[in-house]
Amino acid sequence: MLLPQQTQRGQPMTKTKDSTFFENKLLDFIAEPDPLFSMMQWITEQLMEIEVSKKVNAQKGVHSSERKTYRCGTRLRRFDTRLGTMYLLIPKL
């Protein structure tokens, strides 16, 4: 049996998996009238935020000397899916 490597203090070198954030989000989604639709809307918003932060080269609300552009509000867009129609706030750049 292989044991994980340990640091000098005797603690394992690998991180433990912390899934409390996702457990709490799952509980939030289950409380919604349509949990699958809520999950898809949240994931879509998170992916848009990641993409915009990558293009701007800075997180929302954070000052950075490496910033390439600025956010200029949002646009409301309709997104039709098999689960239903979502209205997303698309960030302007």
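The values are calculated or read from the model by the stated rules, or taken from the named source; none is laboratory data. All values derive from a computational prediction rather than experimental measurement. Here Cβ is always computed from backbone atoms with ideal geometry, including for glycine, and neighbour counts include all displayed protein chains. Note: accessible area is taken over every heavy atom of the protein model, side chains too, but ligands, DNA and RNA are not part of it. Shrake-Rupley method; radii C 1.70, N 1.55, O 1.52, S 1.80 Å.
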For LEU89, tell me the accessible area in Å² from a 1.4 Å probe, rounded to the nearest 10. 110
Calculate, for TYR87 and LYS17, the FRET efficiency according to 1/(1 + (r/R0)^6) with r their C-beta to C-beta distance and R0 30 Å; round to the nearest 0.05. 0.30
Qualifying chymotrypsin sites (Phe, Trp or Tyr not before Pro) in the stretch 16-82, DSSP loop, other Cβ atoms within 10 Å at most 10: TYR70
Where labels lie 7 Å past Cα in the beta-carbon direction, separation of ASP28 and THR44 in nm: 1.7
Once each part is reduced to its C-alpha centroid, what is the distance from the stretch 73-93 to the stretch 17-47 in angstrom? 18
